[in-house]
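Engineer: Input: one structure, supplied below.
The values are calculated or read from the model by the stated rules, or taken from the named source; none is laboratory data. This one's a predicted model, so the numbers in the text were calculated from it and none came from an experiment. We place every Cβ from the backbone using ideal geometry, glycine too, and count neighbours over all the protein chains shown. Remember, those area values only see protein heavy atoms, side chains included, never the ligands or the DNA or RNA. Shrake-Rupley method; radii C 1.70, N 1.55, O 1.52, S 1.80 Å.
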Amino acid sequence: MNNDSISRGPVDQQSQNEGFRLRAKDMKTARMESTGPRRLIACHECGSVHAIAGLPVDRVAHCRTCDSPLTSGKRSEPESLLAIYLAAAVLVVVAHSFPIMGLDIQGKTQTATLVTGPAMLIQQGMWPLGLLVVIVVSVIPSLRILSNILILGPITIGRRPWAGAWLMRLGGSLKPWSMMEIMLLGLIVAYVKLIDLASVQLGLSLYAFVGVILLLLLADLITEPAVIWDKIRARPPLSLAAGQPLLACHACGQVDVAPAGAQHGVACSRCGASLHRRKPNSLARTWALLLAATIFYIPANLLPVMTVTYLGNSEPDTILSGVKSLLAAGMFPVALLVFFASILVPVLKLCGLVWLLLSVQFKSRQRLRQRTKIYRIIEGVGRWSMVDIFMISILVALVELGALARIDPGPGALAFAAVVILTMLGSASFDPKLMWDVEEDGRERTRNWRV
Ligand SMILES: [Zn+2]
Ligand SMILES: [Zn+2]
């Protein structure tokens, strides 16, 4: 896109006057350093449209209206990213080939790989739980790595990747469901629980597993998806006239002029994703998912999530009794972690989303920025509640020593996993732009363009 293509529109004039907001202290310097043609970026959270030029490498541009991060100056060098993903691919294979942990109780030894736990859950009739663990810990991270290699490989040799736009969209939608780092936390909790009972060995796979997590973290740190999108397919130029309605693509960020009367169902001119002004049926869907999550929350807390059998004595454990026994054993940091992830986060998430929904339905104009920030936190934190499920999957695999000691999964674990998944889907189906729609005819409308 060249500068002329947007210079006729009021967006550019307005941004020339106001500039874009940078969180860095030296806003002035950063603005002077910014280079290249300006391009339109719509805020995912509030819908404000900004015209932003190239940013310095260490800068993040934030939305003027709601303060959410919009885009960064990260260079996303395809060669470095490809090397990281190739190394991660090798380590993923190693992580799945050897035991991740081993357990010794009175001369009896049991080892477990990453897939032993899910396989045993499936054998014991808990197949939804087993499938869920294997999908979010093994399948989705592997697919993310593979799709990035398929995108970056051709780019590094100057070719256009095959089905690049589709692969980028796939990678973007899989990202929140890739939960290796949460599994690592589950492994740590399981280790702390077992270390008093028996001698626990860490397997070779654990080191490879940690390696994959660090590599994916590094890749995320140096990637700005907009740069990769531009390499896959350059943005078609957009000519704007005053007052034209705009639509932004949630997948690739392309801002398009909306055809007259279109609310949703139009395809993105760059990546083909279906464009919609607001997420379809956002309020009804979010309410339904939250209601279902609330119903599952009751058995999740009342029913045992696992049963521990030690020397013939069976003791069912609910989430709360698990925290209590950790406290009784003096393991305060882990008790706090499990309490936070498994008890506090789901409740806060449910209450927070209900509050956001009510604020939209009552057309509240209060604290829009804070509410947007709370939505971002809810969206990011919810997945960490899976810690308990992952801990159970590793305990079930390791503590399988016949009459001596065994741990069986309980029906509460199934209900708890349903709560986590339903609240994650609930926060994904909520559209934060709905909160900002109350400002449509007021102050914000005159100041900013929105999608
Ligand atoms: Zn915004
Ligand atoms: Zn798109």
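Engineer: Need one word for the stretch 138-289: rounded, prolate or oblate. Basis is the Cα gyration tensor (sqrt eigenvalues a ≥ b ≥ c); a/c below 1.5 gives rounded, then a/b vs b/c decides.
Structural biologist: Verdict is oblate for the stretch 138-289.
Engineer: Pick out, in residue order, every one of the chymotrypsin sites (Phe, Trp or Tyr not before Pro) in the stretch 295-388 that is DSSP loop and has at most 14 other C-beta atoms within 10 Å; say none if there are none.
Structural biologist: Sparse-neighbourhood loop chymotrypsin sites (Phe, Trp or Tyr not before Pro): Phe362.
Engineer: Around Gly153, what is the net charge, scoring Lys/Arg as +1 and Asp/Glu as -1 over all other residues with Cβ under 13 Å from its Cβ?
Structural biologist: So the surrounding residues net to +2.
Engineer: Nearest 20 debye, what's the magnitude of the dipole of the stretch 282-439 about its Cα centre given +1 on Lys and Arg Cβ and -1 on Asp and Glu Cβ?
Structural biologist: Using Cβ point charges on Lys, Arg, Asp and Glu, the stretch 282-439 gives about 840 debye.
Engineer: Sticking with this one: Going by amide H atoms built from the backbone, whose H comes under 5 Å of the H on Met306, apart from near neighbours?
Structural biologist: Asp317, Gly410
Engineer: Could you state the angle between the C-alpha long axis of helix 319-328 and the longest principal axis of the C-alpha atoms of the chain, as a value from 0 to 90 degrees rounded to the nearest 10?
Structural biologist: Approximately 60 degrees, to the nearest 10.
Engineer: Provide the per-residue ³J(HN,Hα) series for the stretch 278-288, in order, calculated from phi with Karplus coefficients 6.51, -1.76, 1.60 and θ = phi - 60°, each as a whole number of Hz, with x at glycine and proline positions.
Structural biologist: 10, 4, x, 6, 4, 5, 4, 4, 5, 4, 4
Engineer: Next question, about the same structure. Would you please classify the overall shape of the chain from the alpha carbon gyration tensor, given that a ≥ b ≥ c denote the square roots of the eigenvalues, rounded means a/c under 1.5, and beyond that prolate means a/b larger than b/c while oblate covers the rest?
Structural biologist: Prolate, since a/c reaches 1.5 and a/b exceeds b/c.
Engineer: Could you please state, rounded to a whole Å, how far the C-alpha centre of the stretch 308-360 is from the C-alpha centre of the stretch 47-108?
Structural biologist: 29
Engineer: Go through the stretch 108-118 residue by residue and turn each phi into a ³J(HN,Hα) via Karplus (6.51, -1.76, 1.60, θ = phi - 60°); whole Hz please, and just put x for glycine and proline.
Structural biologist: 8, 10, 9, 10, 9, 9, 4, 9, 4, x, x
Engineer: Here is a further query. Could you tell me whether the stretch 282-348 comes out rounded, prolate or oblate from its Cα gyration tensor? Rule is a ≥ b ≥ c as square roots of the eigenvalues, rounded for a/c under 1.5, then prolate if a/b exceeds b/c, otherwise oblate.
Structural biologist: oblate
Engineer: Hey, what angle do you get for helix 368-381 against the long axis of the chain, alpha-carbon based, 0 to 90 degrees rounded to 10?
Structural biologist: On a 0 to 90 degree scale, this one is about 40.
Engineer: If pairing requires two Cys Cβ atoms under 4.7 Å apart, which cysteines of the chain are left without a partner?
Structural biologist: Cysteines of the chain left without a disulfide-compatible partner: Cys351.
Engineer: In whole percent, what relative contact order does the stretch 78-226 give with Cα contacts below 8 Å and a gap of six or more residues?
Structural biologist: RCO, the stretch 78-226: 39 percent.
Engineer: To continue, here is another question. Kindly report the accessible area of the stretch 282-439 per residue (heavy atoms of protein chains, probe 1.4 Å, no ligands, DNA or RNA), in Å².
Structural biologist: For the stretch 282-439, the solvent-accessible area averages 42 Å² per residue.
Engineer: Using packing as a proxy for protection, rank 343-354, 396-407, 150-161 so that the peptide with the highest average count of other Cβ atoms within 10 Å comes first.
Structural biologist: Going by the mean number of other Cβ atoms within 10 Å, highest first, we get 396-407, 343-354, 150-161.
Engineer: With a 1.4 Å probe and every protein chain kept in, tell me what percent of the accessible surface of the chain is carbon plus sulfur.
Structural biologist: The computed percentage sits at 64.
Engineer: Then there's this: Between beta-carbons, use under 12 Å as the cut-off and find the net charge around Leu187, counting Lys and Arg +1, Asp and Glu -1.
Structural biologist: Charge balance in the 12 Å sphere: 0.
Engineer: With the radius of gyration and the Kirkwood radius both derived from the Cα set of the stretch 282-439, what is their ratio Rg to Rh?
Structural biologist: When Rh is taken as the Kirkwood radius, the ratio is 1.09.
Engineer: Quote to one decimal, in nm, the extra length available between Thr307 and Leu291 on full extension: 0.36 nm per residue of separation minus the C-alpha distance between them.
Structural biologist: 2.9 nm
Engineer: Then there's this: If you fit an axis through the alpha-carbon atoms of helix 345-361 and take the longest principal axis of the Cα set of the chain, what angle between them do you get, 0 to 90°, nearest 10?
Structural biologist: Approximately 30 degrees, to the nearest ten.
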